[in-house]
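Engineer: The structure is given below, and queries will be raised subsequently.
The values are calculated or read from the model by the stated rules, or taken from the named source; none is laboratory data. Since the model is a prediction, treat every value here as computed from it, not as a measurement. With ideal geometry, Cβ positions are generated from the backbone for all residues, glycine too; neighbour counts draw on all protein chains shown. Ligands, DNA and RNA are excluded from the accessible area calculation, which covers all protein heavy atoms including side chains. Shrake-Rupley method; radii C 1.70, N 1.55, O 1.52, S 1.80 Å.
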Amino acid sequence: MSLMFKPRRRGGKWPTRLAWLAVILLIVAALLLGGAGPAYRLDLVSLSTSFAWLRQGAHLAIGAGAVGLVALVVAMVCRRWRVALVGTLVIVAGASLVALPAQLMQLARSVPPIHDITTDLENPPAFEALVTAREAAPNAVAYPGEATARQQRTGYPRLGPLTLDATLGEVRAAAEAMARELGWEIAAVEPKRIEATATTRWFGFRDDVVIRLTETDDGVRVDMRSASRVGKNDLGTNAARIQAYLEALGRRVDGTTAP
């Protein structure tokens, strides 16, 4: 009777072990990167811990890609094509995971490191109904001042007020309706002002908005201020919010495009 021996696979267990290590690193990286925002939003971790998770997740994703590359090379030398496929997929997935924090870092470098944006740098709209909420937050209630204004002029030179050819009542009604449609939490609606809070999706950051309406000879001037409660750099979120809101309001009321 002859004994049947199964031939030993080229490379032994090392290609498979490398592939598994790459997959495990990738899974942990995905959990850290994907869970950083929701964990902070649910008050499970602090903001500093959440940002630390992002950094650690990015580093692990890079490590997973590196191990995946080694697994790919070893698998190709050993002609282990399934392992090579796993290594390739880990490299692609790792690069995709790193893309988000890399984009955030690039965005942080490309916008002014400020968190309080307004269309009127000489006389910014003031918070009234949201004073108590902002006093309980790290960032100040009052507008930061000329240093912030100077950075805004450099970073967002085209951001300014919108003048609409309509009555005060029409503009206020449209402005309030848009704020509610955007899911903002309305704090106050007065004849010439609206205050609300917008919450970002991923981290759940709460940014406060005040809309001021002023009657002029040309119509109703709409000024806005959007300010983050936490953080010194809003990554351009507040400026983008104001610009998008004013453009949509202009189209809604009389077809005007915001500056």
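Engineer: How long is the gain from L182 to R82 if the chain were fully straight, where each residue apart is worth 0.36 nm and the alpha carbon distance is subtracted?
Structural biologist: Contour length minus the Cα-Cα distance gives 31.2 nm.
Engineer: Quantify, in whole percent, the carbon and sulfur part of the accessible surface of segment 60-211 (1.4 Å probe; protein heavy atoms only).
Structural biologist: 61
Engineer: Continuing with this model, one more query. May I ask you to compute the full-extension gain from V73 to A248, defined as 0.36 nm times their residue separation minus their alpha-carbon distance, rounded to one decimal in nm?
Structural biologist: 57.7 nm
Engineer: Something else about it: Accessible surface of D165 in the full protein assembly, 1.4 angstrom probe, to the nearest 10 Å²?
Structural biologist: It works out to around 120 Å².
Engineer: I'd like to check one number: the per residue accessible area of the chain, probe 1.4 Å, reported in Å² as a whole number.
Structural biologist: 55
Engineer: In nanometres, what is the gap between the two model label sites at E128 and Q151, each 7 Å from Cα along Cα-to-Cβ?
Structural biologist: With each label placed 7 Å out from Cα toward Cβ, I get 2.9 nm.
Engineer: Show me, for segment 53-68, the HN-Hα J-couplings you get by feeding each phi into the Karplus relation (A = 6.51, B = -1.76, C = 1.60, θ = phi - 60°), rounded to Hz, glycine and proline as x.
Structural biologist: 4, 4, 5, 5, x, 5, 5, 5, 5, 5, x, 4, x, 5, 5, x
Engineer: Ranked highest first by the average count of other Cβ atoms within 10 Å around their residues, in what order do 58-66, 112-120, 136-144 fall?
Structural biologist: 112-120, 58-66, 136-144
Engineer: Taking the mean number of other Cβ atoms within 10 Å as a proxy for protection, how do you rank 199-206, 83-90 from highest to lowest?
Structural biologist: 83-90, 199-206
Engineer: For the chain, what relative contact order do you get, as a whole percent, if you take Cα pairs closer than 8 Å and at least 6 residues apart?
Structural biologist: The value is 19 percent.
Engineer: Can you run phi through the Karplus equation (6.51, -1.76, 1.60; θ = phi - 60°) for segment 86-102 and list ³J(HN,Hα) in whole Hz, with x for Gly and Pro?
Structural biologist: In residue order, the calculated couplings are 4, x, 5, 5, 5, 4, 5, 5, x, 5, 5, 5, 6, 4, 5, x, 5 Hz.
Engineer: Using mean projected area of the Cα convex hull in nm² as the read-out, say which of (1) 19.2; (2) 12.7; (3) 18.0 was calculated from these coordinates.
Structural biologist: (1)
Engineer: With label points built 7 Å along Cα→Cβ from the Cα atoms of A137 and D217, find their separation and express it in nm.
Structural biologist: 3.8
Engineer: Once you have a ≥ b ≥ c as the square roots of the Cα gyration tensor eigenvalues for segment 103-166, tell me rounded if a/c is under 1.5, and otherwise prolate or oblate according to whether a/b is larger than b/c.
Structural biologist: In terms of gyration-tensor shape, oblate.
Engineer: Give me the one-decimal nm value for the distance between modelled label points at K13 and A102, 7 Å along each residue's Cα-to-Cβ direction.
Structural biologist: For the pair K13/A102, the computed spacing is 3.5 nm.
Engineer: From the phi of every residue in segment 204-211, what ³J(HN,Hα) in whole Hz does the Karplus formula 6.51 cos²θ - 1.76 cosθ + 1.60 yield, where θ is phi - 60° and glycine or proline is x?
Structural biologist: These are the phi-based 3J(HN,Hα) values: x, 5, 9, 10, 8, 10, 10, 10 Hz.
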